[in-house]
Amino acid sequence: MNVWWTKYLPGIIREWLEGNPHIRRALGNTSWLLFDRVLRMLIGVTVGAWVARYLGPTQFGELAYIIAFIAFFQVIAGLEADGFIVRDLARKQEDAAVILGTSLRLRIIIGVICWLAASILMYLFHPDDRQLCLLVIIVGAMLVFQTSDTIDLWFASQSQSKRTVLAKSVSYFFSNGIRVLLLLGKAPLIAFAGVICLESAALAVALIVAYRRFPTDGRWRADMVQAKRLLHLCWPFMGSGVMITAYMRIDQIMLKEMLGERELGIYAVALTLSQVWNVIPATLVASLAPFVARKKSRGEAEYRDALVILFRFFAIVAFIAAGLTALASPWLVGFLYGAEYRSSAGVLSVLVFVIVFVFQGLAQSLWLVNDNVRIVNLIGTFLAALISIVANLILIRKFGIMGAAFSYLLAQGASVVVIPCLLRRDLFELYKRAFLGLAKPNE
């Protein structure tokens, strides 16, 4: 695969890439993924800022509360099995129809169950707030439509993500075009909740159209043995996914319950801007997953060398991005969101350093999948969720919104670095090599 921008690289790097076709192919796939995600991020931030200005902190906080609540069920509905599916597709392409068909069937069934559960639980928590319950029903429908993400895994496993870029971009333009029309028409809050569901439906249609141009060899079919195997592999990651969502979203739930929707709206703006950089590691990990899996099959030495390079590279990029964002936070918030959200700048200058741990967590996911150390992830995220809940209870009362930001940093650091390194000596050795420049244990 020829990657057009590589011709601008130094000659020695171009020659190295020519001798490493797998890396060249991953770079080509990454460039398409990065283009897609950066484009959608820019549109999302721009239109999202306009929506936040229009709704104001209180209504924007209410919408953020619904999204945070649905996120707990979204993790379960998605099975948290993407890494395993991409790995299996890369290793056994002849079984693609069974792997994908089984995954799709499971996701549809679990998605419907989660949608119903979310609606019922919100009614039990807030029986007197009919609008809140209705918002959950509307936004929760995305749990069913998101099952189409299974198609994207097929393209990712074949380094063919460029085939979905145009379709996904068109669907994203469509949904954000609807948001702009709603803004111009001064629509109520419930209409913006409906667009969230509409966006998932449009993306599902777009992915189906893209798949018809690059299908698997056989018709997708479900297999009970494959389903049991997949559930056995992914249930710890589903559990850890719920725990991850707890320490990443519980701050928003608790802010709304303890301080109100307005404070949550201000915090949600800072959180949104702090997550802008996440497109970089998410894109790289998606493209490098098959490459790292092949390194693992070739030998431990090559595999662990690759992980050390990834950990180091992700850390450097994260620190640079966080520092630049912290310095620019007053200007960013003022320009995008206006005076009503001025206090979000201080929160952003602290919260943005969470991306250092987010970047490492995404890089570490390649180690978790290939070494099959599910229990480490489960224990780490469970303890981090407990830390997050306790820290938020204490720090929000004492420091308000800033307390939630500090709690978020604490929970991420514990989950990604401290707890896993205490549980696994081999991971600790990888981090020593990556950040302390120490030699390999056998050297």
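The values are calculated or read from the model by the stated rules, or taken from the named source; none is laboratory data. What you are looking at is a predicted structure, and each value in this text was computed from that prediction instead of being measured. Note that each Cβ is placed from the backbone with ideal geometry, even for glycine, and that neighbours are counted across all protein chains shown.
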Residues in region 157-196 that are under 22 Å from A68 (Cβ atoms) and within 22 Å of the chain's Cα centre (by Cα): how many?
8
Log entry, pairs with first residue in region 313-334 being closer than 19 Å to V279 by Cα, second being surrounded by fewer than 16 Cβ atoms within 10 Å (Cβ to Cβ), beta carbons closer than 8 Å, six or more apart or on different chains, reads A315/F435
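Out of V45, V86, V75, V98, report the one residue that is among the aliphatic types (A, V, I, L, M) and surrounded by fewer than 18 Cβ atoms within 10 Å (Cβ to Cβ).
Values: V86 fails: surrounded by fewer than 18 Cβ atoms within 10 Å (Cβ to Cβ); V75 fails: surrounded by fewer than 18 Cβ atoms within 10 Å (Cβ to Cβ); V98 fails: surrounded by fewer than 18 Cβ atoms within 10 Å (Cβ to Cβ).
Residue meeting the stated conditions: V45.
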The residue from V285, V279, V242 that alone is modelled with pLDDT under 90, in a helix (DSSP H, G or I), crowded, with 21+ Cβ neighbours inside 10 Å and not hydroxyl-bearing (S, T, Y) is V285
So in region 56-103, with the set limited to residues that are of a type in the set (G, A, S) and outside any helix (DSSP H, G or I), which one is farthest from S157 (Cα to Cα)?
G78
Read through the list (1) closer than 23 Å to A206 by Cβ; (2) buried (at least 16 other Cβ atoms within 10 Å of the Cβ), then give the number of the only condition that I137 fails.
(1)
Give me the pairs: first residue in region 107-126 and within 15 Å of E80 (Cα to Cα), second residue outside any helix (DSSP H, G or I) and not charged (D, E, K, R), beta-carbon distance under 8 Å, and six or more apart or on different chains, which are they?
R107/G78; R107/L79; I110/L79
Within region 211-232, take every residue that is over 28 Å from V165 (Cα atoms) and within 25 Å of the chain's Cα centre (by Cα) and give me the one that is surrounded by the fewest Cβ atoms within 10 Å (Cβ to Cβ).
H232
Residue pairs within 9 Å by beta carbon, gap of at least six or interchain, first lying in region 220-247 and on the phi < 0 side of the Ramachandran plot and in contact (Cβ under 8 Å) with a residue 40 or more places away in the chain, second of a type in the set (G, A, S) and not in a helix (DSSP H, G or I), listed first then second, are L230/A81; L231/A81; L233/A81; C234/A81; F237/A81; M238/G78; M238/A81; G241/G78
Can you tell me which of (1) buried (at least 18 other Cβ atoms within 10 Å of the Cβ); (2) at pLDDT 60 or above; (3) over 20 Å from the mean Cα position of the chain (by Cα); (4) not basic (K, R) is the one G28 doesn't meet?
(2)
